[in-house]
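Asker: Starting off with a structure, shown below.
Rule-based calculations on the coordinates, nothing more; no lab input. Note that the structure is predicted; figures quoted are calculated from it, not measured. As a convention, Cβ positions derive from the backbone with ideal geometry for all residues, glycine included, and neighbour counts pool all protein chains shown.
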Amino acid sequence: MPLQAAEFFAELRLPFHDHTVVGNTYFAVPVPDAPLRLRIDFTRTIHADTYGGLRVAVVHPERGEIDAVALSFVDHGTFHRRDEATNTRPNTKQYGTFDTHHRPGRPPWDGAVTTGLRDAIEQYTAVWFPGAWAASTPSRAASRSAHRAPAPPATRSQARTR
């Protein structure tokens with residue numbers, strides 16, 4: 001059965017306009033005309049056709065991989081709700097993972113909550129591609145900015161007298 005990687009990466013809603021999915025790998029150019037690229041792969045477990053997270057890497061076209069980080073599904077709560085609902089226990093093959101076997105009409109990663117992974121990818125790319133995330137999603141950056149509320153007017157009882 002197919003992994004449906006393109007649909008998984010679409011669900012992550014990564015903001016990079018210049019991107020593609022080849023096989024099970026997401027490639028992006030977060031900063032136009034810059035040499036560094038972003039590559040995201042699924043990390044395998046010791047069980048065949050079972051995936052336990054994502055591997056996010058910064059790649060230079062001539063120098064190869066510069067840096068990488070592994071983001072486990074368990075650490076980012078990706079399948080926490082699903083595992084709780086199905087009473088899947090830690091230290092089992094199914095806990096915090098997905099495999100290529102799934103119900104027809106459903107993706108293999110059915111039940112995934114990708115918010116924690118997306119936030120971790122955002123933090124990681126902020127180090128290697130400063131400003132790229134905000135430049136790609138101005139509405140999200142604006143919604144995170146602090147709003148200043150006007151100060152309440154001082155009343156006579158609050159004023160200090162000498």
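Asker: With a Cα-only, solvent-free Debye model of region 28-113, what are the log10 I(q)/I(0) values at q = 0.16, 0.19, 0.22 Å⁻¹?
Answerer: For region 28-113 at q = 0.16, 0.19, 0.22 Å⁻¹, log10 I(q)/I(0) is -0.70, -0.86, -1.01.
Asker: In addition: Grab the Cα-Cα distance for Arg44 and Thr115, subtract it from 0.36 nm times how many residues apart they are, and report the gain in nm with one decimal.
Answerer: Details: separation 71, 0.36 × 71 = 25.56 nm, distance 2.07 nm.
Working it through step by step, the gained length comes to 23.5 nm.
Asker: Using DSSP to call loops (not H, G, I, E or B), can you name the trypsin sites (Lys or Arg not before Pro) in region 56-128 whose Cβ has at most 13 other Cβ atoms within 10 angstrom?
Answerer: Arg63, Lys93
Asker: Going 7 Å from the Cα of Arg81 along its beta-carbon direction, which residues of region 100-114 have the amide nitrogen within less than 14 Å of the resulting point?
Answerer: 110-114
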